[in-house]
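A short worksheet on the structure shown next.
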Amino acid sequence: MRILVVEDDKRVGGFLKRGLEEENYAVDVCLNGSDALHMAQMTPYDVIILDIMLPGKDGFTVCREMRHHSILAPVLMLTAKDTKEDIVTGLSEGADDYLTKPFSFEELLARIQALLRRSQDYKAPALKAGDLELDPLRRTVVRAGKMIDLTGKEYALLEYLLRNKGRIVTASMILEHVWNIDYVGSSNIVNVYLNHLRNKIDKDFEIKLIQTVRGHGYRIDED
């Protein structure tokens, strides 16, 4: 899952980036409203964390303009003021939730996970394909009753495939959602991690869930 953090305080932005990456999210950070709007138009983010107090365009304006441009990613707005006026304004401009500074990182994670569950196809608490099950709340993966131990990137890749079960996803789509905008390297890294993933969730099982669709991309399906 890919998250955009819009925060003009470099220290806070860096803290959020490190913490979220440790939770296996791909994270991009920008420092002002204009860049945030541009990045949100160019990249399909799963969640946008948006500070209100920004240089140039403030968070209210950015949120309103994103919705005007049909950018529907869930927005978690950060505010330093715990006032009804700020909260009402943020929600009326299109934000999905708000969090008052200072906040605990655990609460931020919980709110992100709640937004993901409510949006698009994120309603089911567990993601399944055949006898494979990924629990995004406990962050566990089980196949046929056997616990599967995955690295952070392997987990993020599997989660993305499962959230798009039955759909073909390209290497570029995977890079956009599993790796962040700072990634520099060959797209072959996707194939490398898919091979790692196959060795862990398919190798010892008769039914192979991860499929390569030649000339198009990859998908996960029990059929």
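Among the candidates R138, R117, R67, the residue that is among the basic types (K, R) and touching a strand residue (DSSP E or B) at 6+ places or on another chain (Cβ under 9 Å) is uniquely R67. The condition of being surrounded by 12 or more Cβ atoms within 10 Å (Cβ to Cβ) and in the same structural domain as I201 (by TED's automatic domain parsing) holds for only one of I112, I148, that being I148. Of the residues making up segment 65-100, those that are farther than 22 Å from L16 by Cβ and buried (at least 16 other Cβ atoms within 10 Å of the Cβ) are E65, T89.
Just to be sure before I move on: is A80 at pLDDT 85 or above and among the small types (G, A, S) in the structure I sent? Answer is no for this residue.
Within segment 39-49, is even one residue more than 20 Å from L16 (Cα to Cα) and either surrounded by fewer than 22 Cβ atoms within 10 Å (Cβ to Cβ) or acidic (D, E) (or both)? So far as segment 39-49 goes, yes, one or more of its residues are more than 20 Å from L16 (Cα to Cα) and either surrounded by fewer than 22 Cβ atoms within 10 Å (Cβ to Cβ) or acidic (D, E) (or both). Residue check: is L31 under 21 Å from the mean Cα position of the chain (by Cα), in contact (Cβ under 8 Å) with a residue 40 or more places away in the chain and more than 18 Å from A156 (Cβ to Cβ)? Against the criterion (under 21 Å from the mean Cα position of the chain (by Cα), in contact (Cβ under 8 Å) with a residue 40 or more places away in the chain and more than 18 Å from A156 (Cβ to Cβ)), L31 does not qualify. Picking from residues in segment 151-182 that are modelled with pLDDT under 90 and small (G, A, S), the one that is surrounded by the fewest Cβ atoms within 10 Å (Cβ to Cβ) is S172. Within segment 9-33, the residues that satisfy the criterion of being surrounded by 16 or more Cβ atoms within 10 Å (Cβ to Cβ) and out of contact with any strand residue (DSSP E or B) (no Cβ under 9 Å at 6 or more places or on another chain) are E23, N24.
The values are calculated or read from the model by the stated rules, or taken from the named source; none is laboratory data. It should be emphasised that the depicted structure is a prediction, and the values quoted were computed from it without experimental measurement. No Cβ is skipped: glycine too gets one built from the backbone with ideal geometry, and neighbour counts run over all protein chains shown.
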